[in-house]
1. If a/c stays under 1.5 just call it rounded; otherwise compare a/b with b/c (prolate if a/b is bigger, oblate if not). Do that for the range 477-591, with a ≥ b ≥ c from the square roots of the Cα gyration tensor eigenvalues.
2. Obtain the nm distance between the two label points defined at V41 and A18 by a simple spin-label model: each point lies 7 Å from its Cα along the Cα-to-C-beta direction.
3. Find the centroid of the Cα atoms in the range 493-510 and in the range 384-434, then give the distance between the two in whole Å.
4. Over the range 59-120, what relative contact order in percent results from Cα pairs under 8 Å that are six or more residues apart?
5. Once phi is turned into θ = phi - 60°, what whole-Hz ³J(HN,Hα) does the Karplus curve with 6.51, -1.76 and 1.60 give for every residue of the range 348-353, x standing for Gly and Pro?
6. Find how much the distance from E416 to D216 grows on full extension, using 0.36 nm per residue of separation minus their present alpha carbon separation; answer in nm with one decimal.
7. List the residues, sorted by chain then number, that are 5 or more residues from M201 or on another chain and whose placed amide H is less than 5 Å from its amide H.
8. Compute the distance from the alpha-carbon center of the range 218-284 to that of the range 56-109, in whole Å.
Amino acid sequence: MITVKVFGDPIPTGAVTATVPQRDRVEHLQVSVAEKTITFVYKLGTEDVVYGLGETMGRVNKRGGHYISFNTDTAEHEDSNPSLYASHNFLIVWGRETFGLFFDSPAKTEFWVDHQGSGELRVVCHSRDLRLYQIAGERPYEICRTFLKAIGPGYLPPRWAFGYGQSRFGYAKEQDFLDVVRGHEEKGFPLDYICMDIDYMDGFADFTFHPQRFPDPKGLVEKLKDRGIRLVPIVDAGIKIAPGDPVYESGLKGGHFCRDREGGCFRAAVWPGWTHFPDFFNTKAREWFGKQYKFYTDFGFEGFWNDMNEPAIFYSQYSRTKKLGFFLDMFLGEKRKEEKARAMERDYKSFYHDMDGRRLRHYDVHDLYGALMTRASSEGLRKLLPHRFLLFSRSSYIGAGRYGGIWTGDNTSKWEHLLLNVRHMPSLNMCGFLYSGADTGGFMGNCDRELLLRWLAFSVFTPLMRNHAGKFTKDQEAYRFEGPEDFRSILTLRYRLLPYLYSEFMKASLEGDMFMKPLSFVYEDPTVVPIEDQLMVGDSLMIAPVVTQGATGRRVYLPEPMTMVRWDGDTFTCEAMDRGWREISVPLGQVVFFIPEGKLLPVGKAITNTAQYDTEDLTLLGTGNSYRLYTDDGLTHHCDLQNIVTLTK
Ligand code: GLC
């Protein structure tokens, strides 16, 4: 049961698509309205667990933290940082009383969750216009599913988007992409796509190719597609101010850019230098932006990667303090951080949207901007392409999970960020972002062999499995490392598991369910509640990734009897195990996972590209009797739960 209480006059955010009954009362929470804020307070029981908040730092149980929904371009993924790139204001309180809350407001929203032992959940919305959704249910999983159904079925990527992707900020010419393909082919590593970072562009301007370094984009797309590889270009939010450029000129002429205080087009500097930001709050501007993707689809591109859409601002016409950009800022102290935060606030307070006749100050609706960019691209691509496309974004707001996936931005090559990736996945799923993943191997800093192998071994289970590294970091492609058999083992496992991963993902997305869940959503066993480094993946699989440097295995808790499956590069070895704690050895290059009693997990043949995918000759692992396999051609928009065949042992 979900109800909504409306405060003030909120804009439609598009987050909830279901018709939800209104109610005047707010259950559970104390509410106080001040001049510019509304505060909600709930006294937490000592044992209460708080889930949700999607892309935030901290654990899966959000207790102990202070989190701010205010989308920020930040490479500082540390617990002291309250804001990342996204705003996912959904939470579940589970304990003495159990209920769900969704603070549907695109303005800055702060959450203190038993912060410094305060014993309370305090939520401050920095706006008096908001919809507060209250969700009733007995258990967190039930509340979550009610919520996911209310925000609509999730984005459905094509099957090739479940293949392995390689990326790097720095691939700057055609040959770099051909080398990546060759590197994978030579080692027999599977690959499905390569991302093209901003270096493909001419002057970092969207909807351009550098004429010398990429003289024939169509030819390149075709050449790689013949080898099964798709190219996925990045598209940034800002449009380069480039008189004479057709995209810039048509945006200007159509009045599609955000306005400054004086009524001109707001100017902000990002990668290309000075840009204007498309006004994604405006229907016509969204349509205009969506149409621009024709530039790429005409060349044959079918996948896209939207970035810098918080929107990131290096400096603006009003504030020049951010000039150094984030790489240098990383090395500058607190003072610089405060200065940056002030500049950011000043910038966001100085431009405006025209939401189809309603003028909005950006600052008041900031958290929705990236989500609306995703919507614009998704709606445009839906018209331009006859089939499903890959689309993922950095910034997001709840509801954007219907239009595309997300990745979690500029993490670092360190073990803590592998664990963060593990924790993020269930939290993102709770908020409707099933197609998600992190930069495998880490974006900032240098990744070593051990970390990359362990990270890949976890990413095998995340829908988006992309190795991405930052500029000036050490080479991070799997084929660059010694001992290719370990990498081949893990990458091959991803492809052998595709029938299961794809099927479970599609069923979950179509049904309004989660794909990756905390154990506590499935098992009523108090032991599992604090376990955050094991996850359920679909219905027939539990994983327990190794996230510690130097570890040769780990302790795993089995909440019921399970089949332990060990993958060692070409065979699966199965072993029945009882409920309880186990010490499991996991040598580098192997992957161990668990199938609950009574479940089956289909695995396919070893392939190196999703074009070779077939479900003819599946092996069924586990002790169950049957498995419901979702099937389609991997491209059609007509996805429906009728497309299920029952496999029996
Ligand atoms: C941002 C993105 C990163 C990308 C870089 C250059 O930092 O988060 O993934 O590589 O911009 O486009």
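No lab work stands behind these numbers, since they all come straight from the coordinates. Bear in mind that the values here come from a model prediction, so they are computed numbers and not experimental data. Methodologically, a virtual Cβ is constructed for each residue, glycine included, from the backbone with ideal geometry; neighbour enumeration extends over all protein chains shown.
1. Oblate, since a/c reaches 1.5 and b/c is not below a/b.
2. 3.2 nm
3. Centre-to-centre distance over Cα atoms comes out at 17 Å.
4. Result for the range 59-120 is 41 percent.
5. 5, 8, 10, 9, 9, 10
6. 67.9 nm is the gain from fully extending E416 to D216.
7. The answer is H210.
8. Cα centroid of the range 218-284 versus Cα centroid of the range 56-109: 30 Å apart.
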